[in-house]
1. Of all the residues that make up region 79-101, how many are within 16 Å of ligand 1 (Cβ to nearest atom) and either within 23 Å of Ile128 (Cα to Cα) or at pLDDT 95 or above (or both)?
2. Starting from residues that are outside any helix (DSSP H, G or I) and of a type in the set (D, E, K, R), keep the ones in region 55-75 and report whichever is surrounded by the fewest Cβ atoms within 10 Å (Cβ to Cβ).
3. Does region 419-427 contain any residue that is within 16 Å of ligand 1 (Cβ to nearest atom) and within 31 Å of the chain's Cα centre (by Cα)?
4. As an exercise: evaluate Glu134 against (1) within 17 Å of Gly301 (Cβ to Cβ); (2) more than 16 Å from ligand 3 (Cβ to nearest atom); (3) touching a Phe, Trp or Tyr at 6+ places or on another chain (Cβ under 9 Å) and give the number of the one condition it does not meet.
5. Report the residue count in region 188-217 for those that are under 26 Å from Asp242 (Cβ atoms), touching a helix residue (DSSP H, G or I) at 6+ places or on another chain (Cβ under 8 Å) and among the charged types (D, E, K, R).
6. Check off (1) under 24 Å from the mean Cα position of the chain (by Cα); (2) open to solvent by 20 Å² or more (accessible area, probe 1.4 Å); (3) of a type in the set (Lys, Arg) for Arg258 and give me the number that stays unchecked.
7. Within the bounds of region 298-317, is there any residue that is open to solvent by 50 Å² or more (accessible area, probe 1.4 Å), in a helix (DSSP H, G or I) and away from ligand 2 (no atom under 16 Å from the Cβ)?
8. It is to be established whether one or more residues within region 331-352 are in a strand (DSSP E or B), of a type in the set (A, V, I, L, M) and over 30 Å from Gln456 (Cβ atoms).
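The values are calculated or read from the model by the stated rules, or taken from the named source; none is laboratory data. Note that the structure is a prediction, hence the values are computed from the model and not measured. Cβ sites come from the backbone with ideal geometry, for glycine too, and all protein chains shown count toward neighbours. In case anyone asks, the SASA skips ligands and DNA or RNA and just uses the protein heavy atoms, side chains included. Shrake-Rupley method; radii C 1.70, N 1.55, O 1.52, S 1.80 Å.
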Amino acid sequence: MADDSIAVVDLDRCQPDRCSYECKNYCPPNRTGKECITLRGEETDEGQPEQVRISEEICLGETCGICVEKCPFDAIEIINLPKELQDDPAHRYGENAFSLYGLPAPQEGKVTGILGPNGIGKTTAVRILAGELEPNLGRHEDEVDWDDVLEAYRGTELQDYIADVRDGEVTVARKPQYVDQIPETFDGNTRELLEQTNERGALDQLVERLSIGPVMEQSIDDLSGGELQRVALAATLARDTDFYFLDEITPYLDIGQRVTAARLIRELAEEENKSMLVVEHDLAILDLLADTLHVAYGEPGAYGVITPPKSVRNGINEYLSGYLENENMRIRPDPIEFEEHAPRSETRGDVLVDYPDLTKSYGDGEFTLEVEGGRIRENEVLGIVGPNGIGKSTFAKLLTGNLEPDEGDADLDLDISYKPQYVTIDQHMRVDAFLSSITDQFGSSYWNTEIAQPLQLERIMEQNLSDLSGGERQRVAIAACLSDSADLYLLDEPSAHLDVEQRVQATSAIRRYAEQQDATVMVIDHDIYTIDLLADRLMVFDGEPAERGRASPPQSMRDGMNEFLANLEVTFRRDERTSRPRINKPDSQLDKEQKSEGEYYYA
Ligand code: ADP
Ligand code: ADP
Ligand code: SF4
């Protein structure tokens, strides 16, 4: 009997019609006649073999783990919970289901952040605080009500809040995580949607700051991802409630738009004394946004723990170091480390290619891109930054030959492996079959260690491409791009749809691959930490989005960041302990000094 262990059965994976109950047949307590693994009975469709349940009282715990090994579908997890975790869970979705420990505490006038991988219970926590999900403290739902929950949180920061939720007195505005789903629930144009939410009289200002004006009369059905995200932010922040919960604010937004969204959220907290709770995977933006931070850790899909609040600086530093100090908890074997100084790569590497000046217009010159010719060096990672709609993807398509330039010759005689921004691999084919058709390295120990593991592909190998989520599809597409043999690897927004942990893992996989294979890589991305960790040099796009774009030749990171951030009027300082970049407050002493010296990034 292991008090501190939990058994989790993933009912989407457990397929007893395709196995012969190996888990149950090999379980040691079962073999001595105990009822450790049993059949669920009533809960399955008629005629289907029954799925299993595991008794946490009888189970011997993680050191046994025989059922985990035996299950052909990876449906079972037996986990010894950390010793430090003494409290009851806040919520458990049922027997052998996910449990959440701890809850975040929103505070008046503050922005509270939650940082952690997907599947760790962040949305569950937000739903509890929004009063949408009644927490059960891990007990059977008949045995618990709001009064028990209140009792459990008596004496904590959440006591008053929970009393208000119980009394139905908490008002909440919530921005959903998946903005792509908004058109399914709303019929009408942007103006109609926003006017319904104009409770504070702040709508005009939000529309202006988020540059929504041009799409006010457009049908919600016709908005792009970035437009939907900004409309959803405006709709949430326009409301007049006590609490604002925002589940990811950066997807589809460029860096300037991310900074604007973060500042609007901060202002609402500071000026109107509201409580804001934000889940976010872009660390530079989370750092700018939040006052305090709860780190979420555990085993995605099995259990999650929300830590007590930390300062945003310490929270992110501890997260990157892989070790949570107060919790005495290692969450990753290796730290993520940043360089304080710009990479010295100016003189390194032979020339891979010199590309000439190029221009490309769409339609009757509605949008024109001008590319100033430049040089790509062998074995470098070239970062590409610039606002949305400025021609970055157009440039990628010119290089790969998917588009013909109007002027200039883009035929570079290079073999290019290209991951487009919008990944459209959705054939009816399994992930393993797809990837093994790309590389004969598939399944080798090198490929497993360098590609499959950091991109977390093991658990999705047997799934069909068409059934993958956005983040899963992104990881398969990055793997496919890197696995191909090519002269140049071009990745358009690899961080999109990835959670914070997947981002840092994918980033280090791309970086290591480039170093070990002497590969030349170009990466377009809006996540500053991704660009900082990856790039040796930088290519900057500017101009007027959707009208004209101009691409500078590749330049050093220092010069490139200075050009790019001067356009945005944003400066960064370096964290003393970890050297990670942190956005300065506008008009702070450092911000002014750095601007006057022209040092926006490596001050
Ligand atoms: P996050 O927001 O961190 O991605 P969630 O709170 O959405 O995490 O989910 C955490 C875990 O809880 C997931 O593994 C999910 O499968 C499980 N889960 C979510 N909703 C339910 C539900 N209604 N019933 C059973 N399990 C659920
Ligand atoms: P970025 O990658 O920097 O976001 P893109 O290269 O995708 O920018 O697009 C630049 C501009 O060109 C945008 O205004 C976009 O709407 C427009 N555009 C992109 N592809 C086409 C096309 N096939 N036809 C017409 N306009 C396009
Ligand atoms: Fe049985 Fe527990 Fe061992 Fe699984 S881990 S085989 S449930 S004792």
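1. Taking region 79-101 first, the residues within 16 Å of ligand 1 (Cβ to nearest atom) are 79, 81, 89-101.
Filter once more, so that each one left must be either within 23 Å of Ile128 (Cα to Cα) or at pLDDT 95 or above (or both): 81, 89-101.
Result for region 79-101: 14.
2. So in region 55-75, the residues outside any helix (DSSP H, G or I) come out as 55-65, 71-75.
Within this subset, residues satisfying the condition of being of a type in the set (D, E, K, R) are 56-57, 62, 74.
Details: Glu56: 19, Glu57: 10, Glu62: 17, Asp74: 13.
Going through the qualifying residues, I end up with Glu57.
3. To start, the set of residues in region 419-427 that are within 16 Å of ligand 1 (Cβ to nearest atom) comprises none.
There is no residue in region 419-427 that is within 16 Å of ligand 1 (Cβ to nearest atom) and within 31 Å of the chain's Cα centre (by Cα).
4. For Glu134, the exception is condition (1).
5. Total meeting the criteria: 3.
6. Failed condition: (2).
7. Yes - at least one qualifying residue is present in region 298-317.
8. The first filter runs over region 331-352 and keeps only residues in a strand (DSSP E or B), leaving 351-352.
The next check asks that each one be of a type in the set (A, V, I, L, M); those that pass are 351-352.
From the residues that got through so far, the ones that are over 30 Å from Gln456 (Cβ atoms) too are 351-352.
Yes, there is a match, as at least one residue in region 331-352 is in a strand (DSSP E or B), of a type in the set (A, V, I, L, M) and over 30 Å from Gln456 (Cβ atoms).
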